[in-house]
Amino acid sequence: MTKNVLHTIQANTDSYSKGQKRIAQFILDNYDKAAFMTAKRLGETANVSESTVVRFAAQLGYDGYPEMQKALQELIRGRLTSIQRIRASRDQMSGDDILGSVMQRDMDSIHNAIEQVDRAEFDRVVEKLLHAEHIYLLGVRSSAYLAGYLHFYFHLIFPNVTLVQNTATGEIFEQLVRIGPNDVLVGISFPRYSKMAVNAVEFARKRGAEVIAITDSKMSPLYKEAGASLLVRSDMISFVDSMAAPLSLLNALIVAVGEQKNEEVSNTFAEMERVWSTYSVFGKTEDE
């Protein structure tokens, strides 16, 4: 659906039953909470049945309640404060089994990514990386660790890779001062989007660099600046950003690039093994 879900709810108010009006009013007043409620929980809160909630979503034009819930989540993902996230997560955790609940959600995130990541766009990104003169990697806040992980392996694959450190805004631009045409900036950002990352990506684009965004949706500010984008959802678990699916996507990207540069990668690791052995980096094995 193209309309904002809240606008859609407001526009159809006259057609609702009494129960549906209670659902609509609760969502309009508390959409940050409703976005993470199950249909059953939303029904209990609005004093209607679960089936009434499901029919309400269908009346709005959604295939089911999960699709309406996703529309609400897309609307507010980038705006929730940490406190709001903690409150919202209380309806998502299953009893006392925090371990099982969190790991199950990570599994679901990866499964959804398998279905949703655009394979053709993935191949385009691989080609852009293979032909870049210089690759810059940027992630801010929790995304900084994804950028660092990608840098660890790309540094072994490509001769010219720079991890843009994010200690201060001015320093980011200093590290990007030589970026230009034929270079690629991989910008990684997930809700809540960092203004620092958005500004850096915009700077790189204006300098003529190719921008690749790794982010969660077409609503992301990075998507608007990028020539190619890999969209994968992070998950919100309380105040924690679960990066299971984005990290799995990066693993696929590393392997895909490595397969294309197979001989160079093999030579690099053969040399590294000699260095590691010479300096006993990993200690001696039993047969040495």
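The values are calculated or read from the model by the stated rules, or taken from the named source; none is laboratory data. Values in this document were obtained by computation on a predicted structure and should not be read as measured data. Virtual Cβ from ideal backbone geometry, glycine too; neighbours counted across all protein chains shown. Only protein heavy atoms, including side chains, enter the accessible area calculation; ligands, DNA and RNA are left aside. Shrake-Rupley method; radii C 1.70, N 1.55, O 1.52, S 1.80 Å.
Run down Val177, Val186 and say which single residue is of a type in the set (Val, Ile, Thr) and crowded, with 21+ Cβ neighbours inside 10 Å.
Val186
Quick grid of which residues meet (1) crowded, with 18+ Cβ neighbours inside 10 Å; (2) outside any helix (DSSP H, G or I):
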{"site": "Ile9", "(1), (2)": "yes, no"}
{"site": "Gly19", "(1), (2)": "no, no"}
{"site": "Ile23", "(1), (2)": "yes, no"}
{"site": "Phe26", "(1), (2)": "yes, no"}
{"site": "Met37", "(1), (2)": "yes, yes"}
{"site": "Leu42", "(1), (2)": "yes, no"}
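Could you check, for region 225-243, whether at least one of its residues is open to solvent by 40 Å² or more (accessible area, probe 1.4 Å), modelled with pLDDT of 95 or more, out of contact with any Pro (no Cβ under 9 Å at 6 or more places or on another chain) and closer than 21 Å to Tyr145 by Cβ?
Yes: region 225-243 contains one or more residues that are open to solvent by 40 Å² or more (accessible area, probe 1.4 Å), modelled with pLDDT of 95 or more, out of contact with any Pro (no Cβ under 9 Å at 6 or more places or on another chain) and closer than 21 Å to Tyr145 by Cβ.
Report yes if some residue within region 270-280 is in contact (Cβ under 8 Å) with a residue 12 or more places away in the chain and either farther than 15 Å from Ala113 by Cα or assigned to a helix (DSSP H, G or I) (or both); otherwise report no.
yes
Which condition breaks for Asp106 when tested against (1) under 16 Å from the mean Cα position of the chain (by Cα); (2) among the charged types (D, E, K, R); (3) modelled with pLDDT under 90; (4) open to solvent by 90 Å² or more (accessible area, probe 1.4 Å)?
(4)
May I ask you to say which residue of Tyr149, Tyr153 is under 18 Å from the mean Cα position of the chain (by Cα), within 24 Å of Gly258 (Cα to Cα) and open to solvent by 70 Å² or more (accessible area, probe 1.4 Å)?
Unique residue meeting the criteria: Tyr149.
Among the residues of region 50-67, is any in contact (Cβ under 8 Å) with a residue 60 or more places away in the chain, touching a helix residue (DSSP H, G or I) at 6+ places or on another chain (Cβ under 7 Å), buried (at least 18 other Cβ atoms within 10 Å of the Cβ) and under 26 Å from Ser217 (Cα atoms)?
Checking region 50-67: at least one residue is in contact (Cβ under 8 Å) with a residue 60 or more places away in the chain, touching a helix residue (DSSP H, G or I) at 6+ places or on another chain (Cβ under 7 Å), buried (at least 18 other Cβ atoms within 10 Å of the Cβ) and under 26 Å from Ser217 (Cα atoms).
If I go through region 205-231 residue by residue, how many of them are β-branched (Val, Ile, Thr) and either free of Cβ contacts under 8 Å to residues at least 40 places away in the same chain or in contact with an Asp or Glu (Cβ under 7 Å, 6 or more places away or on another chain) (or both)?
Going through region 205-231 one residue at a time, the tally reaches 2.
For region 168-204, which positions are assigned to a loop (DSSP other than H, G, I, E, B) and in contact (Cβ under 8 Å) with a residue 60 or more places away in the chain?
Result: Pro191, Arg192, Tyr193.
In region 123-143, what residues are open to solvent by less than 30 Å² (accessible area, probe 1.4 Å) and within 15 Å of the chain's Cα centre (by Cα)?
Leu138, Gly139, Val140, Ser143, listed by residue number.
For Ile214, only one of the following conditions fails: (1) open to solvent by 30 Å² or more (accessible area, probe 1.4 Å); (2) in contact with a Leu (Cβ under 6 Å, 6 or more places away or on another chain). What is its number?
(1)
Exactly one of these conditions fails for Asn112: (1) under 19 Å from the mean Cα position of the chain (by Cα); (2) polar (S, T, N, Q); (3) at pLDDT 90 or above. Give me its number.
The failed condition is (3).
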